[in-house]
Amino acid sequence: MPEPTNKSPRVGLFVTCLVDMFRPSVGMAAVKLIEASGCDVVVPTAQTCCGQPAYNSGDRKDTKAIARQTIAAFEDVDYVVAPSGSCAGMLKSHYPRLFAETPEAEKANAFAGRVHELMQFLVDVRGMQIVPDAFANDFKGSVTYHDSCSGLRELGIKEQPRKLLTSIKGLQLKEMSDCEICCGFGGTFSVKFSDISNAMVEKKTANIAAAETDLILAGDLGCLMNMAGKLRRQGRKVACRHVAEVLAGELEDPPIGAPND
Amino acid sequence: MKVTVHDFKSNARSALADTQLQEALSGLPTGLVAQRAAARSRLPEFEDLRDYGRDLRNHTLEHLDVYLERYEDQVRQAGGHVHWAKTPAEACDAILKICKDADARLVTKGKSMVSEEIGLNDKLEAEGLEVVETDLGEYILQIRHETPSHIIAPAIHLTQSQVEQDFRREHDHLAKDRKLVEPAELVDEARQILREKFVNADVGITGANFLIAETGSSIIVTNEGNGDLTQSLAKTHIVITAIDKVVPTLDDASALLRLLARSATGQEFTSYTTFSTGPRRAGDPDGPENYHVVLLDNGRSELLGSEFREVLRCIRCGACMNHCPVYNAVGGHAYGWVYPGPIGAALNPGLIGIDEAGNLPNASTFCGRCESVCPMRIPLPKLMRQWREIEFEKGNPPLFVRMALRGWASMANWPWAYHLFARIMSRAMKLAAGRKGAFSWLPLATGWTKHRDFPAPQGKTFQDLWAERQRATIKPATQGETP
């Protein structure tokens, strides 16, 4: 793995609002991995949220304002990387749609071209094949992986996290049934249509439990909080973590939604 | 048809609690979904064919007026009649008039979602006609006084034992000890009942999967052959369909048929693919004496000129609903009007209005599985989002939702305030959760905590941690540089 030098690409970390507020350890894990891939990381403070809550509620005007701010905040970086398929998809696929056929289209398209989801960036852009030994030497356990919808279907993230996970010697990846089916989160959907959302996450946690692993991993904190919250309510013992935490060996904090003793 | 889209949430709750419905729906993943996947894997050019289908439908919609007029000309030349209906009422009136002119008493019907859209059966029955559905699924629904819950498998919400009970109740003249377990036995019994209806029908009404502009033909695909008997045994055949079903040529229809059956049921081709062109010609062994086509608009020409045009590419295969986790959870009736699932969420607001159908485009996680299987590559999540935008502009969402959204968005546009808020919230929530690490109840998020715990934050924001790291790494470096 190349050492960061003065010529290393400059990566702007798009933290995402959920990671910022709920699970900063995912952000620190992402930084560790991006640096290990030979890049310098900066974190613009002018970033907030990608705008999905507004965008998916039909509020185009506010979404555009947020998008403009995000694009401006990351003007001077080579890449924009987010530890979330959903937010990266928003920046990469939907910002250009928001500004299509407007004078700002060019700017939005150029920005979108620099955006990558974390796993995609590490494997496809930086060519990472294996996780640095020092990160995951001590890991021992079985995991199953949930393919979050936007990452999978908007960005084509499927093999990348699996490639890195299976490079960890002590890790056993056991696929669960229907790993590509939505967990029922869907942002405000989980609150507005809570009963349907619940039926969906119940199917998901049943599949997770049937895989009989120590951990359930995914690349999106929204889905993870949904699955973790349901697993906990059901009294199931499967721990829930963002994939970056395992890859970077950032396992000191308790799993998502777990008690901190 | 009665619209209950406003009750979507309570419809969904009842559906989730209905164990028979849940049992029936549980067959979808191993049934239609698995069958489509198998058919797709057997056809290497399937994805190319989807591109071809999309382009073909786009082209047709671009020149819809031309193809519709050509179709009408060809139908006339073949001796048939075309009736244009702007509204469901006009379509029903046209059909009723044809039936009256034919002195009809008994009408047989093949499966037609457009006839559901215009509420045809109620209208005809109110005028004293006997209407008999001849598709097995539709027949079952008719004796149960229900509507279809799926566009190609109308009775998919029922279990086989429910159907057996219905048949035993309804067909009480048949032997009590007869065997009615296998699907084939149910089909045979329905066939026995329906045969008499086919022979005595005065008018046969079918839908159309496609209309062919170059020949003036209509096509129906079925697996039971009921459509053939419906349209060829009665003296009058009426095709009720909508203006978006036309394709330019026979070859075009063939290409779409290759996608339709595979996407719908995983078949290479349906058991019956029936073409009908005008009434019986001299020398034909059978066929109707009169041939009518009723073409419904009902909002489609407005959609054509709007940002929703792509929804008109739909060929009604049902793949979107088969693959939709929301449809899989609640079934079709919860959606409250004719077209359920993702296609309903994208189409119904255009047909019955967004004020009426507003719930549907909102009831999606935008998981995108529908778009990933749609043979016509209709961007269903995008269309649903566009409906949400129209709703938002009209001010339809409740005031507190709009206020909360505005408040949050203003803060997101003010990073300093946003980071302060995040810092306060993560600390406060961490403190409130204590060692439990999660909340079992949370104000303003009771929809969430009703069913699951809410994981507590770690306590510091990422921006905090990053600033700490920057301070720790920059200090020694600056010291080192000091001369």
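Just so you know, all these numbers are worked out from the coordinates, no wet-lab data involved. As the structure is a computational prediction, the values presented were derived from the model and not from experiment. Note: ideal-geometry Cβ built from the backbone for every residue, glycine included; neighbour counts use all protein chains shown.
Given just the C-alpha atoms of the range B:47-112, how large is their convex hull per residue in cubic angstrom? Present the calculation step by step, with values, prior to reporting the outcome.
Details: hull volume 9.6 nm³, N = 66.
Given the Cα convex hull of the range B:47-112, per-residue volume reads 145 Å³.
How well do other chains shield peptide A:225-236, expressed as the mean number of their Cβ atoms within 10 Å of each residue Cβ?
Numbers: counts 6, 5, 1, 6, 10, 3, 2, 8, 8, 3, 0, 0.
Averaged over the peptide's residues, the number is 4.
Could the peptides A:130-140, B:254-264, B:140-150, A:49-59 be put in order, highest first, of the mean number of other beta-carbon atoms found within 10 Å of their residues?
Working: A:130-140: 15.3, B:254-264: 21.4, B:140-150: 18.7, A:49-59: 24.5.
The densest-packed peptide leads the list: A:49-59, B:254-264, B:140-150, A:130-140.
With no solvent and one equal point scatterer placed on each C-alpha of the range A:133-247, evaluate the Debye formula and give log10 I(q)/I(0) for q = 0.10 Å⁻¹, two decimals.
Log-scaled intensity ratios, in q order: -0.27.
For chain B, take every pair of Cα atoms, bin their distances at 10 Å starting from 0, and report each bin as a whole percent.
Histogram of Cα-Cα distances, whole percents per bin: 4, 17, 26, 23, 13, 8, 6, 3, 1, 1, 0.
Inverting the mean 1/r over all pairs of different Cα atoms, compute the Kirkwood radius of the range B:305-403 and quote it in Å. Don't skip to the end; give the middle numbers.
Values: mean 1/r = 0.0741 Å⁻¹.
That comes to 13.5 Å for the range B:305-403.
Find the centroid of the Cα atoms in the range A:160-224 and in the range B:178-226, then give the distance between the two in whole Å.
44 Å
According to a simple spin-label model (label point 7 Å from Cα along Cα-to-Cβ), what is the distance in nm between residue B:435 and residue B:195?
Each label point lies 7 Å from its Cα, and together they span 7.8 nm.
For the range B:148-175 and the range B:258-275, what is the separation of their C-alpha centers, rounded to whole Å?
24 Å
For a test of the definition: using alpha carbon positions, the gyration tensor, and the 1.5 limit on a/c, classify the range B:43-298 as rounded, prolate or oblate.
On the way: a/c = 1.83, a/b = 1.28, b/c = 1.43.
Oblate.
For the range B:26-173, just say rounded, prolate or oblate: build the C-alpha gyration tensor, square-root its eigenvalues into a ≥ b ≥ c, call rounded for a/c under 1.5, and beyond that prolate if a/b exceeds b/c, oblate if not.
Values: a/c = 2.65, a/b = 1.03, b/c = 2.57.
Oblate.
Shielding of A:38-51 by partners, i.e. mean partner chain Cβ atoms within 10 Å per residue? If you can, show how the numbers build up before the last one.
Details: counts 0, 0, 0, 1, 2, 7, 1, 7, 4, 5, 13, 7, 1, 3.
Shielding by partners across A:38-51 averages 4.
Estimate the FRET efficiency between residue B:177 and residue B:20 by the formula 1/(1 + (r/R0)^6), using the beta-carbon distance for r and 25 Å for R0, to the nearest 0.05.
In this case the efficiency is close to 0.50.
Could you tell me the relative contact order of chain A? Use alpha-carbon pairs under 8 Å, at least six residues apart, and round to a whole percent.
Numbers: 447 pairs, mean separation 49.1, N = 261.
Taking the mean separation of contacting Cα pairs over the length of chain A, I get 19 percent.
Please enumerate, by chain and number, the aspartates and glutamates with C-alpha under 13 Å from the C-alpha of residue A:61, excluding those fewer than 8 residues away in the same chain.
B:389, B:393
Per residue and in Å³, how big is the convex hull formed by the alpha-carbon atoms of the protein assembly as shown?
Values: hull volume 127.4 nm³, N = 744.
In the protein assembly as shown, the Cα hull volume divided by residue count equals 171 Å³.
Extending each Cα 7 Å along its Cβ direction at residue B:372 and residue A:206, get the distance between those two points in nm, one decimal.
2.1 nm
What is the mean number of Cβ atoms from other protein chains located within 10 Å of the Cβ atom of each residue in peptide B:406-412, rounded to a whole number? List each step's numbers first, then the result.
On the way: counts 4, 0, 7, 12, 2, 2, 14.
The shielding value for this peptide is 6.
Can you tell me the Rg and the Dmax, both Å, for the Cα atoms in the range B:236-373?
When restricted to Cα atoms, the range B:236-373 yields Rg and Dmax of 17.5, 57 Å.
Can you pick out the pairs among A:64/B:382; B:100/B:123; A:158/B:450; A:174/B:460; B:111/B:382 whose Cα atoms lie more than 23 Å from each other? Please report the intermediate quantities before stating the final value.
Values: A:64/B:382 16 Å; B:100/B:123 13 Å; A:158/B:450 32 Å; A:174/B:460 33 Å; B:111/B:382 30 Å.
Beyond 23 Å: A:158/B:450; A:174/B:460; B:111/B:382.
Can you tell me the relative contact order of chain B? Whole percent, Cα pairs under 8 Å, sequence separation 6 or more.
Details: 774 pairs, mean separation 96.0, N = 483.
That works out to 20 percent.
Take peptides B:98-105, B:175-182 and line them up by average Cβ neighbours within 10 Å, highest first, as a rough protection proxy. Let's see the in-between values first.
Values: B:98-105: 15.5, B:175-182: 9.4.
Per-residue Cβ counts within 10 Å, averaged per peptide and sorted highest first, yield B:98-105, B:175-182.
Given the range A:199-261 reduced to its alpha-carbon atoms as identical point scatterers, what log10 I(q)/I(0) does the Debye formula return at q = 0.29, 0.30 Å⁻¹?
Values returned for q = 0.29, 0.30 Å⁻¹ are -1.41, -1.47.
Can you list the aspartates and glutamates whose alpha carbon is less than 18 Å from that of residue A:203, not counting same-chain residues fewer than 8 positions off?
A:147, A:175, A:178, A:180, A:195, A:212, B:18, B:23, B:453
Could you give the size of the charge dipole of chain A about its Cα centre, using +1 on the Cβ of each K and R and -1 on the Cβ of each D and E, expressed in debye and rounded to the nearest 20? Write down the numbers at each step before the final one.
On the way: 29 positive and 32 negative charges, 103 e Å.
Once rounded to the nearest 20, the dipole reads 500 debye.
Let's test the formula: R0 of 30 Å, r as the Cβ-Cβ distance of residue B:268 and residue B:3. What FRET efficiency results, to the nearest 0.05? The partial results should precede the final answer.
Details: r = 37 Å, r/R0 = 1.24.
Approximately 0.20, to the nearest 0.05.
Any idea which of B:187, A:206, B:158 is furthest toward the positive side of the dipole for the protein assembly as shown, if Lys and Arg beta-carbons carry +1 and Asp and Glu beta-carbons -1?
A:206
Under the rule that a partner needs its Cβ under 4.7 Å from the first Cβ, which Cys of chain B have none?
Singleton cysteines: B:92, B:99, B:314, B:317, B:324, B:374.
Over the range A:10-125, one equal point on each Cα, no solvent: what is log10 I(q)/I(0) by the Debye formula at q = 0.14, 0.18 Å⁻¹?
Ignoring solvent entirely, the Cα scatterers give -0.52, -0.85.
For the range B:1-34, list residues with backbone N below 15 Å from a point placed 7 Å from the Cα of residue B:165 toward its Cβ?
B:18-24
What is the extension gain from residue B:250 to residue B:126, computed as 0.36 nm multiplied by their sequence separation minus the C-alpha to C-alpha distance, in nm to one decimal?
Values: separation 124, 0.36 × 124 = 44.64 nm, distance 3.84 nm.
Gain in length upon complete extension: 40.8 nm.
Taking 8 Å as the Cα distance limit and 6 or more residues as the minimum spacing, I'd like the relative contact order of the range B:43-298 as a percentage.
On the way: 446 pairs, mean separation 73.1, N = 256.
Relative contact order here is 29 percent.
Using the scaling law 2.2 N^0.38 Å as the reference, what is the normalised Cα Rg of chain A?
Details: Rg = 17.9 Å, N = 261, 2.2 N^0.38 = 18.2 Å.
Expressed relative to 2.2 N^0.38 Å, the Cα Rg reads 0.98.
Using +1 on the beta carbon of Lys and Arg, -1 on that of Asp and Glu, and nothing else charged, what's the dipole of the protein assembly as shown about the Cα centre, debye to 20? It would help to have the intermediate numbers written out before the result.
Working: 85 positive and 94 negative charges, 528 e Å.
Roughly 2540 debye for the protein assembly as shown.
With the Cα gyration tensor of the range B:400-481 giving a ≥ b ≥ c as the square roots of its eigenvalues, does the rule (a/c under 1.5 for rounded; else a/b larger than b/c for prolate; else oblate) give rounded, prolate or oblate?
oblate
With a 10 Å radius around each residue's Cβ, average the other Cβ atoms per peptide and rank A:36-44, B:17-25, highest first.
Details: A:36-44: 19.7, B:17-25: 15.6.
Result, highest mean Cβ count within 10 Å first: A:36-44, B:17-25.
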